[in-house]
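The structure under discussion appears below in the form of structure tokens.
The values are calculated or read from the model by the stated rules, or taken from the named source; none is laboratory data. As the structure is a prediction and not an experimental result, all values here were calculated from the model. So basically every Cβ, Gly included, is an ideal-geometry build from the backbone, and we count neighbours across all protein chains shown. Areas reflect the complete protein model, heavy atoms only, side chains present, ligands, DNA and RNA absent. Shrake-Rupley method; radii C 1.70, N 1.55, O 1.52, S 1.80 Å.
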Amino acid sequence: MFCVPTSRLTLQWHITAKCNQRCKHCYQECYAGKELSFNEILNILEQYKDLLRLYSKSKNKDFIRGHINITGGEPFTRKDFLQILKVFSKNKKYFSFGILTNGSYITDDIAKKLKSLNIAHTQVSIDGNRETHDALRGKGNFDKTWNAVKILRKHNIRTLVSFTAHKGNYKEFPVVARYARKYKASKLWTDRLVPIGNGQDMSDMLFTSKEALEYFSIILNEKKKTLRNKLTGLEIYSNRALQFLKSGEMPYGCSAGDSLITILENGDVLPCRRMPISCGNALKTSLKDIYFNNNVFKDLRNKNIPDKCFKCTYSEKCRGGLKCLSYALYKDYKQADNCCPIIYK
């Protein structure tokens with residue numbers, strides 16, 4: 001039996017679909033559409049605070065402080081983005097907040113403003129060496145993104161780097177780790193490609209179970225290097241779906257619909273951005289009603305175990321691995337992860 005601490009409720013909020021990049025593996029396929037107004041954002045923010053109170057009560061706690069990840073699209077394309085962040089900062093007793101960005105708008109002036117707002121972190125994405133990254137995200141973006149990390153760290157802003165792995169880039173994870181150490185990133189974490197949005201065209205780049213195990217070993221090797229050199233300050237996380245098979249860490253269970261909720265730029269509510277099941281709209285139905293009463297959310301919280309996983313030692317916590325990948329492949333999040341080497345030897 002694994003002892004799991006009470007999780008905070010994280011809201012991933014996509015405040016815009018607009019983006020200045022067109023990444024080949026992006027979960028979006030449309031970069032336009034109606035955005036929530038500033039006042040609508042304030043309305044939904046109050047709904048989130050109400051949900052936090054009820055969520056805490058459901059966990060038999062007085063109050064569990066939440067967390068919001070603000071993203072897009074590219075969130076800096078909104079002209080009122082800093083104004084939105086100022087409102088979030090004033091509500092810091094209720095939640096912490098971070099920014100997921102491609103880094104192209106980060107300047108010294110922006111970094112100073114972010115620092116003054118006490119953001120918890122920023123996150124950028126790097127997907128391989130310069131050639132691989134720029135092929136996915138546009139020429140010159142590899143250097144621009146690392147320059148953003150350099151600026152953010154200069155202003156002592158905690159900066160995370162994410163790496164989306166697939167057949168074509170997973171062996172380049174050590175390159176990204178080396179750069180992360182060089183630019184003093186705070187954390188490096190990685191997960192697998194989910195073929196939705198633009199990423200549907202990269203379905204042939206999904207791992208086999210053998211490749212997934214090799215990838216997990218590469219992550220672990222880089223983590224060991226970092227632990228041996230603590231002066232870098234970098235943390236390499238190896239706790240995403242199935243990665244425990246090599247890292248030896250606690251098995252990861254999908255948080256979608258449980259301790260994770262997602263809002264799109266028009267107010268649509270999803271369990272997870274990579275599991276694009278619309279469960280209502282926060283302008284029409286309250287977040288607390290969607291979270292506690294929507295059938296998909298309730299089903300995900302039931303922690304169902306796929307039939308193929310019942311005999312597995314890790315089934316109670318792992319619960320079938322990467323559910324968003326199963327949904328992308330089979331339109332059924334209750335199916336087992338196609339990369340599990342225990343099932344698919």
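Brief remarks on what is shown
- One residue from T159, T190 being under 18 Å from the mean Cα position of the chain (by Cα) and either among the hydrophobic types (A, V, I, L, M, F, W, C) or under 23 Å from D80 (Cα atoms) (or both): T159
- Hits in region 256-288 - residues which are open to solvent by 30 Å² or more (accessible area, probe 1.4 Å), over 17 Å from H14 (Cβ atoms) and assigned to a loop (DSSP other than H, G, I, E, B): K284, T285, S286
- When G33 is tested against (1) out of contact with any Cys (no Cβ under 8 Å at 6 or more places or on another chain); (2) open to solvent by 20 Å² or more (accessible area, probe 1.4 Å); (3) modelled with pLDDT of 95 or more, just one condition goes unmet, and that condition is (3).
Conditions (1) in contact with a Gly (Cβ under 8 Å, 6 or more places away or on another chain); (2) touching a residue at least 60 places away in the same chain (Cβ under 8 Å); (3) within 25 Å of K345 (Cβ to Cβ), marked per residue:
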position: A212; (1), (2), (3): no, yes, yes
position: N239; (1), (2), (3): no, no, yes
position: S247; (1), (2), (3): no, no, yes
position: Y252; (1), (2), (3): no, yes, yes
position: P271; (1), (2), (3): yes, no, no
position: S278; (1), (2), (3): no, no, no
position: R301; (1), (2), (3): yes, no, no
position: P306; (1), (2), (3): yes, no, yes
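- Region 59-93, subset without any contact (Cβ under 8 Å) to a residue 40 or more places away in the chain and either hydroxyl-bearing (S, T, Y) or part of a loop (DSSP other than H, G, I, E, B) (or both), residue nearest to D127 (Cα to Cα): K79
- Number of the exception - N102 against (1) open to solvent by less than 60 Å² (accessible area, probe 1.4 Å); (2) out of contact with any Phe, Trp or Tyr (no Cβ under 8 Å at 6 or more places or on another chain); (3) part of a helix (DSSP H, G or I): (3)
- So S96, is it out of contact with any Ser or Thr (no Cβ under 8 Å at 6 or more places or on another chain), modelled with pLDDT of 95 or more, assigned to a strand (DSSP E or B) and within 30 Å of F292 (Cα to Cα): yes
- Scanning region 277-326 for residues that are in contact with a Ser or Thr (Cβ under 6 Å, 6 or more places away or on another chain) and more than 29 Å from S203 (Cβ to Cβ) yields no hits at all.
- Pairs with Cβ under 8 Å, 6+ apart, first in region 18-45 and among the β-branched types (V, I, T), second surrounded by fewer than 18 Cβ atoms within 10 Å (Cβ to Cβ) and part of a loop (DSSP other than H, G, I, E, B): I44/L283
- Scan of region 128-182 for residues that are crowded, with 17+ Cβ neighbours inside 10 Å and on the phi > 0 side of the Ramachandran plot, ordered by number: G128, G138
- Among residues of region 333-345 being under 14 Å from V194 (Cα atoms) and open to solvent by 10 Å² or more (accessible area, probe 1.4 Å), the one that is farthest from the chain's Cα centre (by Cα) is N338.
- Test set (1) in a loop (DSSP other than H, G, I, E, B); (2) in contact with a helix residue (DSSP H, G or I) (Cβ under 7 Å, 6 or more places away or on another chain); (3) of a type in the set (A, V, I, L, M, F, W, C) - I41 fails condition number: (1)
- Candidates N229, N239 - the one that is under 30 Å from D332 (Cα atoms), surrounded by fewer than 19 Cβ atoms within 10 Å (Cβ to Cβ), of a type outside the set (S, T, Y) and modelled with pLDDT under 95: N239
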